[in-house]
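This report refers to the structure that appears directly beneath it.
The values are calculated or read from the model by the stated rules, or taken from the named source; none is laboratory data. Computed from a predicted structure; not experimentally measured. Cβ coordinates were reconstructed from backbone atoms using ideal geometry, including for glycine residues, and neighbour counts include every protein chain displayed. The area values use the complete protein model at the heavy-atom level, side chains included, leaving out ligands, DNA and RNA. Shrake-Rupley method; radii C 1.70, N 1.55, O 1.52, S 1.80 Å.
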Amino acid sequence: MDQRGSYTLKGVILKNELEDEKVAEISNEEPERREYLIETYARNRGWVAEAKNRFGVYCMCENCQNTFIKLDGQPYIEVHHIVALSDGGEDSLWNLAVLCAHHHRMAHFADKKTQLDLKDALLRETHVRLN
Ligand SMILES: [Zn+2]
Ligand SMILES: [Zn+2]
């Protein structure tokens, strides 16, 4: 299914997702920006909560200490589709990872080799944690 039609969901974006919308706005490179928007608006909110529940609120990249606590006392973490929905990735727990802002940017904007290495590491990590 082509998820790009999901842009129209922007009008009904819910409070918890406003944070993700800011992430989308930071990028000014068109193709990547589109990927972010697809990811943000097509996602199933239930899975986002479940991902935090199962994977915790600390970045899944090895030895990453970047997670920080927000003013409201809650940890700041972003949920990422390991295989982008635009590449046919599933909107399910198996395809989700929790990442700090830095590693989330890397997953989308780094050179191809870095992106692939990160993708492999995340797939291994989710596999371990879901078994
Ligand atoms: Zn992402
Ligand atoms: Zn990280």
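If the requirement is being within 16 Å of ligand 2 (Cβ to nearest atom), open to solvent by less than 50 Å² (accessible area, probe 1.4 Å) and within 22 Å of ASN131 (Cβ to Cβ), which of these qualifies: VAL83, VAL57?
VAL57
Which one of these is in a helix (DSSP H, G or I) and touching a His at 6+ places or on another chain (Cβ under 7 Å): ALA97, ALA121, ALA107?
Selected residue: ALA107, the only one of ALA97, ALA121, ALA107 that is in a helix (DSSP H, G or I) and touching a His at 6+ places or on another chain (Cβ under 7 Å).
Which numbered condition trips up ILE77, out of (1) open to solvent by 70 Å² or more (accessible area, probe 1.4 Å); (2) modelled with pLDDT under 90; (3) among the hydrophobic types (A, V, I, L, M, F, W, C)?
Of (1) open to solvent by 70 Å² or more (accessible area, probe 1.4 Å); (2) modelled with pLDDT under 90; (3) among the hydrophobic types (A, V, I, L, M, F, W, C), only one is false for ILE77: (1).
Just one of (1) open to solvent by less than 20 Å² (accessible area, probe 1.4 Å); (2) free of Cβ contacts under 8 Å to residues at least 40 places away in the same chain trips up ASN63, so point out which.
(1)
Can you name the condition, by its number, that LEU71 falls short on among (1) out of contact with any Asp or Glu (no Cβ under 7 Å at 6 or more places or on another chain); (2) modelled with pLDDT under 90; (3) away from ligand 2 (no atom under 16 Å from the Cβ)?
The single condition LEU71 does not satisfy is (2).
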